[in-house]
């Protein structure tokens, strides 16, 4: 039997074409995808598609939409051998990271991709991204999927979703994974880096945990940060966790008021996760005195996690753990390959 791959179009530049009447970009009908990408007819597997109605601009992505993607995956999981999720690039790393935590017993590829130029433009990168993502999602060896995890493909590299960050708003090579090697590199051939691909040992029926708690904040430390600003963020009503973006290997100001504010927030039950502002490297709070103070205040290390992954991991843990203690234990564990300890 032929393999089957489902395209899930959520929105984004890749699915846009120019309307000659209005000279504006409009989404095209993915049921007619073979007219735009005739190369799909040459695949030896079946390609089906489903489209969000209405489509979602990536700037409007939120956990509710992540749950809708999860429902589509659950409903179609037994019908298809792989999935390609088309998504706007701006928040793709957030959505893909979230799905990596939300998906249980995943043993099939879920490949996110998109484009910098619309499918209908002459120099679009969308066609090649789509064709390669479909190829990867359909590739099996000895009856097993080559990449049974949530990932992002863009231009010439396949990355683990929760290790990926969008770093460039213009280049076709828009995504990077500085702390983890690519799962595959694409040239004349697709070369899979087998030692780095996550093969789950989970057994049981596939499902997606759709409960996400959004009482999470992001605070980027910067020189000259005002005390009232810091306290306003830490004392925001309903806030349960904060991703603290610090300098270098996890360093922050040593001013007494700064450390006291962090310590007080932790004592009041706020979870504070320390991640680095750098694209590469990891948090090592015991390395410098400035980091040691945060460690002593009860701040958790994010190790080499991305900011996107840190935020979505906290949303997932807050929504699905039974206690703060369970959350704290799991923050120090790699759940889906998102950190290296």
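Any read-out appearing in this document is the output of simple, stated calculations on the displayed coordinates, not a laboratory observation. Since we're looking at a predicted model, the values are computed, not measured. Here the Cβ positions follow ideal geometry from the backbone for every residue, glycine too, while neighbour counts run over all protein chains shown.
Please say if segment 4-208 is rounded, prolate or oblate, where rounded means a/c under 1.5 for a ≥ b ≥ c the square roots of the C-alpha gyration tensor eigenvalues, and otherwise the choice is prolate for a/b larger than b/c and oblate otherwise? It is rounded, given that a/c, with a ≥ b ≥ c, falls under 1.5.
Taking the chain as a Gaussian network of alpha-carbon nodes connected by springs under 10 Å, the highest mean-square fluctuation of the residues 215, 179, 53 belongs to 53. The DSSP beta bridges internal to the chain are antiparallel in roughly 40% of cases. Taking 165, 22, 13 as the candidate residues, the one with maximal mean-square fluctuation in a Gaussian network model of the chain, Cα springs under 10 Å, is 22. Work out the FRET efficiency for residue 278 and residue 123 from their Cβ-Cβ distance, taking R0 = 51 Å, and round it to the nearest 0.05. Result of the calculation: an efficiency of 0.95. Fully extending the segment from residue 324 to residue 142 would add 61.3 nm, taking 0.36 nm per residue of separation and subtracting the current Cα-Cα distance. Measuring from a point 7 Å past the Cα of residue 168 along Cα-to-C-beta, which residues in segment 105-140 have an amide N at less than 14 Å? Residues passing the 14 Å test: 116-117, 125.
When you restrict to C-alpha pairs under 8 Å that are six or more residues apart and normalise by the size of segment 216-331, the relative contact order lands at 25 percent. In terms of other Cβ atoms within 10 Å, 142, 48 run from fewest to most in the order 142, 48.
In the chain, helical runs assigned H by DSSP with n ≥ 4 each contribute -39500 (n - 2.57); averaged across all residues and rounded to the nearest 500, the mean residue ellipticity at 222 nm is -8000 deg cm²/dmol.
So what is Rg over Rh here for segment 174-310, counting just Cα atoms and using Kirkwood for Rh?
Values: Rg = 18.3 Å, Rh = 17.1 Å.
Result: Rg/Rh = 1.07.
When the chain is treated as a Gaussian network with alpha carbon springs shorter than 10 Å, the biggest mean-square fluctuation among 158, 279, 144 belongs to 144.
Segment 161-200 and segment 68-103 have their alpha-carbon centroids 17 Å apart.
At a Förster distance of 35 Å, what's the computed FRET efficiency of residue 207 paired with residue 260, Cβ-Cβ distance as r, to 0.05? List each step's numbers first, then the result.
Details: r = 44 Å, r/R0 = 1.25.
After rounding to 0.05, the efficiency reads 0.20.
Using R0 = 35 Å, the C-beta based FRET efficiency linking residue 200 and residue 34 works out to 0.60. In a fully extended conformation the segment linking residue 332 and residue 79 would gain 87.5 nm over its present Cα-Cα distance, using 0.36 nm per residue.
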